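Encoded as structure tokens, the structure appears first; notes follow it.
The values are calculated or read from the model by the stated rules, or taken from the named source; none is laboratory data. Fair warning: this is a prediction, and the values are worked out from it, not measured in the lab. Cβ sites come from the backbone with ideal geometry, for glycine too, and all protein chains shown count toward neighbours.
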Amino acid sequence: MTDTFVIVGAGHTAVQAVDSLRRGGFDGRLVLLGDDPHLPYQRPPLSKKFLAGELPLERLVLKPAAFYETARVELKLGAAVEKLSLGDRELQLAGGERLQYDRLLLTTGSLPRTLTVPGHELGGIHYLRSVGDVERIRRDLTPGARVVIVGGGYIGLEVAATCRGLGHEVDVLEMTDRVMNRVVAPEISAFFTAEHTRAGVRLHTGTLVSAFTPRAGNTHRVGAVETLGGVAFPADVVIVGVGVLPSVALAAAAGLACENGVAVDEHCRTSDPAVWAAGDCTSHPSPRYGRRVRLESVDNAFEQARTAATNMLGGAAVHDRVPWFWSDQYDLKLLIVGLNFDYDQVVVRGEPASRTFSCCYLRGGELLAIDCVNSVKDYVAAKKLIAERAHCDPLRLADPALALRETMIS
């Protein structure tokens with residue numbers, strides 16, 4: 001009897017899993033379910049070139065339709081899964097269709113955190129996660145629109161840079177004391193604050209949104225964003241980017257173990273032996289950092305997909321990789337390698353004023369992570385050094401004339 005493998009979710013992780021399964025020799029029935037109506041596409045450009053209108057939809061697509069035909073994939077788009085029955089190994093789709101599986105891979109990704117303050121239902125308030133979201137934002141971005149962005153993380157700042165480039169007035173409201181507070185050192189936050197300010201973006205830290213209020217003459221559309229400090233920011237368009245949550249509703253309702261995501265082991269297997277999970281929706285053990293982690297990363301999505309596919313075919317591959325991330329803002333590329341958990345020292349390599357520098361995070365002299373601004377050489381070297389658990393001399397590390405490997409303590 002031919003086995004049926006089903007993949008739920010249609011992003012980077014799912015496409016890589018399809019490729020890895022077929023390359024790995026799986027010759028059975030392969031079904032890919034996605035609730036988005038479009039062919040699986042890249043998400044990183046959504047907040048940048050796609051929002052700016054510089055990248056057409058067809059160039060976002062990860063693989064053309066012919067790829068799925070050649071790979072003999074039953075591609076079901078716009079197909080939301082309503083229920084997962086582990087005991088019956090069955091999925092129920094919206095509309096009533098039922099689908100049996102022998103092995104299942106969940107790649108459900110993540111969902112935007114929402115704000116439920118008064119007025120959150122008004123028109124003109126947007127979240128950015130899909131092509132449809134961006135298309136709705138574009139329609140509202142009329143010339144000279146006043147844009148208020150709630151959240152000063154990656155997405156908020158990327159959208160701010162894009163909107164400013166389109167000529168809009170932009171205010172960014174961040175509840176913490178600095179932008180990108182959760183992921184980078186104060187030195188990086190200060191640098192990007194200066195760059196956005198120079199570009200004309202108005203950044204407001206320590207600012208908590210209390211309500212959205214309608215505009216005069218149209219009670220259905222947002223007109224301002226009010227804060228706990230009593231300040232009202234006029235807004236024609238509001239874009240909320242206050243982080244994401246793992247999409248675990250389907251898994252949790254079925255009884256799969258969840259812990260800040262669908263809990264998987266080092267083989268990307270869930271608490272059910274016939275179900276694997278990969279990508280942004282998962283939390284997994286990290287031997288390198290000694291804890292469970294959940295990563296919102298394209299690289300992690302690809303790597304977990306490869307691991308899961310190998311193990312769905314009977315392998316025993318282990319997922320243990322130093323993560324990396326990136327953010328493009330204006331002509332700046334921020335590349336981050338590793339996770340800066342519990343660091344006790346930050347060493348800056350180079351001068352921020354040069355717009356090419358790095359921040360290195362150390363713990364007991366060990367290089368844990370690095371943030372590189374327009375510094376590709378440091379990024380490439382750090383991937384190897386962090387994986388090797390290298391220790392570095394802080395004084396030598398601070399000298400950008402020395403290659404990163406030359407700063408190691410033997």
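Filter region 323-358 for residues that are small (G, A, S), in contact with an Asp or Glu (Cβ under 9 Å, 6 or more places away or on another chain) and part of a strand (DSSP E or B) and give the result. Selection gives S327, S358.
Considering only region 28-80, state which residues are acidic (D, E) and in contact (Cβ under 8 Å) with a residue 12 or more places away in the chain. Before you say what the answer is, go through the steps one by one.
Start the filter on region 28-80 by keeping residues that are acidic (D, E), which leaves 35-36, 54, 58, 69, 74.
Answer for region 28-80, where residues must be acidic (D, E) and in contact (Cβ under 8 Å) with a residue 12 or more places away in the chain: D35, D36, E74.
Can you confirm whether E259 is under 30 Å from T307 (Cβ atoms), surrounded by fewer than 20 Cβ atoms within 10 Å (Cβ to Cβ), at pLDDT 95 or above and within 19 Å of the chain's Cα centre (by Cα)? Yes: the conditions hold for E259. L334 meets each of the listed conditions (1) touching a helix residue (DSSP H, G or I) at 6+ places or on another chain (Cβ under 8 Å); (2) under 30 Å from L32 (Cβ atoms) apart from (2). Could you check region 241-256 and list, in sequence order, the residues that are assigned to a strand (DSSP E or B) and either exposed (fewer than 14 other Cβ atoms within 10 Å of the Cβ) or in contact with a Cys (Cβ under 6 Å, 6 or more places away or on another chain) (or both)? Once the filter is applied, which keeps residues that are assigned to a strand (DSSP E or B) and either exposed (fewer than 14 other Cβ atoms within 10 Å of the Cβ) or in contact with a Cys (Cβ under 6 Å, 6 or more places away or on another chain) (or both), region 241-256 yields only P246. Of the strands (runs of 3 or more DSSP E) contained entirely in region 274-322, those carrying at least 1 residues that are of a type outside the set (A, V, I, L, M, F, W, C) fall at 282-286, 291-293. The criterion of at least 1 residues that are under 20 Å from L51 (Cβ atoms) and over 23 Å from the mean Cα position of the chain (by Cα) is met by the following strands (runs of 3 or more DSSP E) wholly inside region 78-179: 146-150, 169-173.
For region 216-240, a residue qualifies if it is more than 23 Å from A161 (Cα to Cα), part of a strand (DSSP E or B) and modelled with pLDDT of 95 or more, and the qualifying residues are H220, R221. Counting only residues that are in contact (Cβ under 8 Å) with a residue 24 or more places away in the chain, outside any strand (DSSP E or B) and either on the phi > 0 side of the Ramachandran plot or not small (G, A, S) (or both), region 365-380 holds 6 of them.
Hey, among the residues in region 298-327 that are of a type in the set (D, E, K, R) and in contact with a helix residue (DSSP H, G or I) (Cβ under 7 Å, 6 or more places away or on another chain), which one's modelled with the lowest pLDDT? Spell out how you get there, then give the answer.
As a first pass, look at region 298-327 and keep what is of a type in the set (D, E, K, R): 299, 303, 306, 320-321.
Add one more test, that the residue is in contact with a helix residue (DSSP H, G or I) (Cβ under 7 Å, 6 or more places away or on another chain), and what stays is 306, 321.
Values: R306: 98, R321: 89.
That would be R321.
Out of R269, R288, one residue alone is over 25 Å from V337 (Cα atoms) and more than 20 Å from the chain's Cα centre (by Cα). It is R269.
Residue check, R98 against (1) crowded, with 17+ Cβ neighbours inside 10 Å; (2) touching a strand residue (DSSP E or B) at 6+ places or on another chain (Cβ under 8 Å), all met but one. Which one? Among (1) crowded, with 17+ Cβ neighbours inside 10 Å; (2) touching a strand residue (DSSP E or B) at 6+ places or on another chain (Cβ under 8 Å), R98 violates only (1). Listed by first and then second residue, the pairs with beta-carbon distance under 6 Å, at least 6 apart or on different chains, first residue in region 186-197 and more than 15 Å from A160 (Cα to Cα) and not assigned by TED's automatic domain parsing to the domain that holds C360, second among the aliphatic types (A, V, I, L, M) and surrounded by fewer than 20 Cβ atoms within 10 Å (Cβ to Cβ), are E187/V348. Taken over region 199-239, residues that are of a type in the set (A, V, I, L, M) and closer than 18 Å to D177 by Cα amount to 6.
Looking at L166, L111, L128, which is the one that is in contact (Cβ under 8 Å) with a residue 60 or more places away in the chain and either over 30 Å from A305 (Cα atoms) or β-branched (V, I, T) (or both)?
Numbers: L111 fails: either over 30 Å from A305 (Cα atoms) or β-branched (V, I, T) (or both); L128 fails: either over 30 Å from A305 (Cα atoms) or β-branched (V, I, T) (or both).
One residue alone meets the criteria, L166.
With respect to K63, determine if the residue is surrounded by 12 or more Cβ atoms within 10 Å (Cβ to Cβ), not in a strand (DSSP E or B) and not assigned by TED's automatic domain parsing to the domain that holds V159. Judged against the criteria, K63 is a match. Scanning region 296-340 for residues that are within 20 Å of V380 (Cβ to Cβ) and aliphatic (A, V, I, L, M) turns up V298, V322, L332, L334, L335, I336, V337, L339. Of the residues making up region 37-60, not a single one is within 24 Å of L91 (Cβ to Cβ), in the same structural domain as E97 (by TED's automatic domain parsing), among the charged types (D, E, K, R) and more than 16 Å from the chain's Cα centre (by Cα). Of the residues making up region 381-405, those that are assigned to a helix (DSSP H, G or I) and either assigned by TED's automatic domain parsing to the domain that holds P287 or under 30 Å from the mean Cα position of the chain (by Cα) (or both) are A381, A382, K383, K384, L385, I386, A387, L397, L404, R405.
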